[in-house]
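J.: The structure's right below; bear with me while I get my questions together.
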Amino acid sequence: MEVAGSLNLVCQRCLEPLAFPLQIQARFLLVPVGQSWPDEELAEDGFDAIAAEKEMAVFPLIEDEVMLALPIAPMHEVCATVVPEMKEQAPSPFAVLAKLNKS
Ligand SMILES: [Zn+2]
């Protein structure tokens with residue numbers, strides 16, 4: 001299976017849109033029901049074993065692969081917009097009053 005495209009995600013740092021290119025290649029080994037699963041061979045050959053049925057929905061397979069490929073917290077390598085720094089704290093009302101008293 002091969003999935004290629006681009007997803008529109010949201011950068012978790014600056015919250016701006018983030019185009020995420022998707023390029024997935026997956027190989028499946030269809031294991032008939034009741035047959036033993038060849039574990040060691042799978043790891044070496046890069047196959048995902050799935051239980052074979054006469055009719056199988058393809059979309060869930062694609063969905064699973066896409067979900068696996070997505071980053072947990074997508075972020076720009078370098079965000080275009082600078083995250084605004086915390087505003088300087090306003091002077092406390094007491095400090096302002098103290099100044100008034102002196103004058
Ligand atoms: Zn960003």
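J.: Going by Cβ distance under 4.7 Å, what cysteines of the chain have no possible disulfide partner?
T.: Unpaired cysteines in the chain: 11.
J.: I need the peptides 49-61, 8-20 ranked by packing, meaning the mean over residues of other C-beta atoms within 10 angstrom, with the highest value on top.
T.: 8-20, 49-61
J.: Still on this structure, please answer the following. Would you mind checking which residues have amide H under 5 Å from residue 49's amide H? H placed 1.01 Å from N; only 5 or more apart, or other chain.
T.: For residue 49, whose amide H was placed from the backbone, the distant partners under 5 Å are 29.
J.: Still on this structure: Relative contact order (percent) for the stretch 1-56, with alpha-carbon contacts under 8 angstrom and 6 or more residues of separation?
T.: Computed over the stretch 1-56, the figure is 30 percent.
J.: Oh, and also: Could you give me the ³J(HN,Hα) list for the stretch 22-35, computed from phi with Karplus coefficients 6.51, -1.76, 1.60 and θ = phi - 60°, whole Hz, x at Gly and Pro?
T.: So the Karplus estimates, Gly and Pro as x, are 10, 9, 10, 10, 9, 10, 10, 10, 7, 9, x, 4, x, 8 Hz.
J.: At q = 0.19, 0.21, 0.24 Å⁻¹, what log₁₀ I(q)/I(0) does a Debye calculation on the Cα points of the chain give, no solvent, two decimals?
T.: Taken in order of the listed q values, log10 I(q)/I(0) reads -1.00, -1.11, -1.26.
Read-outs: derived from the displayed coordinates by stated rules, not from any lab. These numbers come from a predicted model, not from an experiment. Note that we place each Cβ from the backbone using ideal geometry, even for glycine, and neighbour counts take in every protein chain shown.
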